[in-house]
Amino acid sequence: MIKLKNITKIYDVSKNDKVKALENVNLTIKEGELIVLKGASGSGKSTILSLIAALSKPSSGEVIVDGKQISKLPDNFASIYRRDNIGFIFQKYNLIPTLSVKENILLPLVPLNPDSEEADEKIQEVMKRFHIEHKEDSVVRNLSGGEQQRVAIARANVNNPKIIIADEPTANLDEKLSQHFLEILRELKSLNKTIIIATHDPLFIGLDFVDREIEIHNGKIV
Amino acid sequence: MRKKINLYLIEYAINAILRQSYKNFFIVTVFTILTFLLTSVFFITNSLRYEMDSTVDTLPQIIVQKMKAGRHYDIDVNRVDKILEIPGVSDAVARVWGYYYFENAGVNFSVVGIEQYENQYKNSFVNLVKKFDFDKLKENSSMLVGAGVKRTMENSYYKEYFNFIKPNGTLKKVTLGGVFDGDTNLESNDMIIMPQEIVREIFDLDPSKATDIVVKVANPMEIQTVASKIKLMFPDTRIITTGDLKVSYQNIFDYKSGIFLALFIVTLFTFFIIIYDKASGVTSEEKREIGILKAIGWTVDDVLKEKFYESFVISLFSYGLGVGLSLAYVYLFQAPLLRDIFVGYSQLKTNFELPFVFDMQTLFLVFLLSVPIYIAATIIPSWKVATLEADEVIR
Ligand SMILES: Nc1ncnc2c1ncn2[C@@H]1O[C@H](COP(=O)(O)OP(=O)(O)OP(=O)(O)O)[C@@H](O)[C@H]1O
Ligand SMILES: [Mg+2]
């Protein structure tokens with residue numbers, strides 16, 4: 001269970017320029033739920049995702065995941081929390097462009113120092129599930145947008161996290177690939193993962209497997 | 001849980017080096033050149049120090065010179081007998097020698113006269129006397145020269161003989177009777193040896209006189225005592241002991257080292273500038289990469305470990321390469337160019353060999369001055385980036 005309690009997030013761009021990205025946000029997400037965060041550009045969707053992933057800290061309020069306060073974790077513990085719990089599919093994928101598909105997917109496993117067979121098994125499994133195994137040795141830079149996204153999804157899942165977060169997953173995809181992403185989403189949902197998606201793509205409105213749509217406006221839930 | 005070495009991190013580090021091949025090639029090149037320069041300078045210095053020390057060890061324990069008007073003057077040969085009476089003296093020999101300036105080559109050679117049946121004050125002379133027939137040399141008016149001397153003379157087209165100009169202005173023709181190798185390169189490569197009679201003729205030295213007297217003392221601890229006794233006996237002399245010579249050799253050497261110290265400082269300075277340049281600049285690509293790694297679950301420790309491996313591999317590789325090249329340059333190729341700066345006080349050191357002196361201290365010092373500094377310089381900026389909020393970095 002994920003709980004956001006009275007979250008306010010203020011970005012200090014400079015002394016006189018402070019941006020209030022979120023104001024007094026309260027939100028509870030149950031295990032296995034698939035949530036869609038909707039809202040205009042700049043409304044604060046990405047900020048919520050990054051707080052849940054402990055990539056940033058709230059200015060005030062608490063983020064509690066499975067009973068643990070993750071909004072106050074020291075940096076190293078935040079990393080470990082992400083490694084063990086979060087699969088983040090970034091809007092720009094955040095792959096390392098000069099590494100191969102396989103090498104990118106291996107990255108979240110590196111700190112765990114697994115046996116090479118174990119690592120290989122995990123990588124093969126996610127590559128198959130997300131249909132990228134035919135490109136395993138290609139350098140990511142040379143892949144199409146859709147292929148890169150599948151690498152990002154595979155990487156987010158290689159540690160088998162409970163929580164999957166996707167930021168604007170269809171922003172860079174065409175109609176057909178977007179439809180394909182919905183298939184992937186359905187599969188992830190069937191694996192009983194908690195899924196949080198931030199998007200302003202109307203494609204996500206009214207889907208049967210989406211549990212809740214939450215509208216954000218100017219940093220507040222409406 | 002994570003006790004064993006994380007090979008994935010090392011693999012990633014090596015991969016990272018190869019991915020930035022252009023930048024890292026540059027760094028390895030600069031690093032290697034600097035290590036090479038530093039170690040070469042140290043190697044040359046050490047070898048020369050060693051050579052100097054062994055040269056000094058072959059020098060006479062005591063030299064007695066007659067002084068007149070504040071200058072070194074010819075000494076009476078019969079003083080040898082008086083000196084031999086001093087307790088503790090095991091031998092005393094009158095030497096006949098001098099410098100001769102070769103105008104064509106612009107070099108001074110030492111011309112040394114040897115008397116076949118006298119006690120020789122140098123081991124190498126004992127061998128020379130055994131090897132060459134000095135009666136014949138005297139008969140033919142011939143000389144023995146060091147290999148380097150021979151080369152210099154040949155360069156000035158003196159292949160068979162040389163005409164020495166005597167103090168009275170007339171010429172003395174001396175033919176080449178043979179070539180010898182000396183005890184130490186530094187000394188004997190500018191030495192010309194002849195029967196004493198010929199040297200006396202060239203320098204116009206009376207048979208009752210000698211250039212100086214060398215004294216051997218049985219117990220090295222007594223050198224100073226014997227020296228003062230000689231001084232007491234002949235107040236008109238200057239006494240030079242091995243200790244004094246060591247000091248003056250050291251002075252020449254220290255002067256040369258000064259030049260190298262300057263070079264050393266410049267090298268270090270360059271190194272620091274380049275390192276600083278690198279240290280202050282984590283490229284936006286590298287920054288982003290660190291942010292990504294953290295976002296997907298790497299801790300700051302993981303990132304720093306990886307960066308450590310990266311810089312360790314680069315710096316150790318460059319260090320090893322630099323040291324290897326320097327070993328080859330100094331000892332295999334005898335340090336062309338650099339050694340000319342050092343061995344510059346006589347141009348006749350063409351045949352001079354730098355003896356191999358393996359010096360752990362040098363290697364360790366250069367290691368300390370390069371590898372840890374480089375590692376720190378790369379880790380610190382990465383550490384700064386790694387401790388930022390991941391969200392900020394990858395945005
Ligand atoms: N690091 C930052 N520094 C300063 N301002 C920021 C930072 N991150 C976000 N903001 C601001 O906070 C507000 C919310 O941003 P956020 O990225 O959460 O919006 P979003 O809903 O994800 O928008 P989009 O649909 O464009 O991705 C915006 O006004 C944005 O400019
Ligand atoms: Mg966003």
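The values are calculated or read from the model by the stated rules, or taken from the named source; none is laboratory data. Keep in mind the model is a prediction, meaning the values are calculated, not measured. Quick reminder, even Gly has a Cβ in these numbers, built from the backbone with ideal geometry, and neighbours come from all protein chains shown. Heads up: the accessible areas ignore ligands, DNA and RNA and are worked out on the full protein's heavy atoms, side chains in. Shrake-Rupley method; radii C 1.70, N 1.55, O 1.52, S 1.80 Å.
Overview of values
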quantity: Test: residue in region A:72-80 that is within 18 Å of B:Glu389 (Cα to Cα), more than 10 Å from chain B (Cβ to nearest Cβ) and touching a residue at least 12 places away in the same chain (Cβ under 8 Å); calculated: yes
quantity: Sole exception among (1) in contact with a helix residue (DSSP H, G or I) (Cβ under 9 Å, 6 or more places away or on another chain); (2) under 30 Å from A:Asn6 (Cβ atoms) for A:Phe77, by number; calculated: (1)
quantity: Residues within region A:47-58 that are open to solvent by 10 Å² or more (accessible area, probe 1.4 Å) and more than 15 Å from A:Ile221 (Cβ to Cβ), tallied; calculated: 2
quantity: Criterion violated by B:Met233 - all others in (1) touching a helix residue (DSSP H, G or I) at 6+ places or on another chain (Cβ under 8 Å); (2) open to solvent by less than 60 Å² (accessible area, probe 1.4 Å); (3) at pLDDT 90 or above satisfied; calculated: (2)
quantity: Qualifying residue in region A:59-67 (condition: open to solvent by 20 Å² or more (accessible area, probe 1.4 Å), touching a strand residue (DSSP E or B) at 6+ places or on another chain (Cβ under 6 Å) and assigned to a loop (DSSP other than H, G, I, E, B)); calculated: yes
quantity: When residues of region A:80-103 are limited to those that are among the basic types (Lys, Arg) and open to solvent by 20 Å² or more (accessible area, probe 1.4 Å), the one nearest to the chain's Cα centre (by Cα); calculated: A:Lys92
quantity: Some residue of region B:302-314 being open to solvent by less than 20 Å² (accessible area, probe 1.4 Å), within 14 Å of another protein chain (Cβ to nearest Cβ) and among the β-branched types (Val, Ile, Thr); calculated: yes
quantity: Options A:Ser56, A:Ser50: the member that is free of Cβ contacts under 8 Å to residues at least 40 places away in the same chain, within 9 Å of another protein chain (Cβ to nearest Cβ) and within 16 Å of ligand 2 (Cβ to nearest atom); calculated: A:Ser50
quantity: Lone unmet requirement of (1) surrounded by fewer than 19 Cβ atoms within 10 Å (Cβ to Cβ); (2) touching a Pro at 6+ places or on another chain (Cβ under 9 Å); (3) under 30 Å from B:Thr152 (Cβ atoms) for B:Lys216; calculated: (3)
quantity: Residues satisfying the stated conditions in region A:173-221, i.e. β-branched (Val, Ile, Thr) and loosely packed, with under 14 Cβ neighbours inside 10 Å; calculated: A:Ile205
quantity: Residue check, B:Ile63 in contact (Cβ under 8 Å) with a residue 60 or more places away in the chain and over 30 Å from B:Lys216 (Cβ atoms); calculated: no
quantity: Residue within region B:28-49 that is among the hydrophobic types (A, V, I, L, M, F, W, C) and part of a strand (DSSP E or B) present; calculated: no
quantity: Elements of type helices (runs of 4 or more DSSP H) in region A:91-208, at least 2 residues being within 14 Å of chain B (Cβ to nearest Cβ); calculated: A:101-106, A:116-129, A:145-157
quantity: Selected residue (only one of A:Asn16, A:Asn26 is more than 9 Å from chain B (Cβ to nearest Cβ), open to solvent by 10 Å² or more (accessible area, probe 1.4 Å), away from ligand 2 (no atom under 16 Å from the Cβ) and outside any loop (DSSP other than H, G, I, E, B)); calculated: A:Asn26
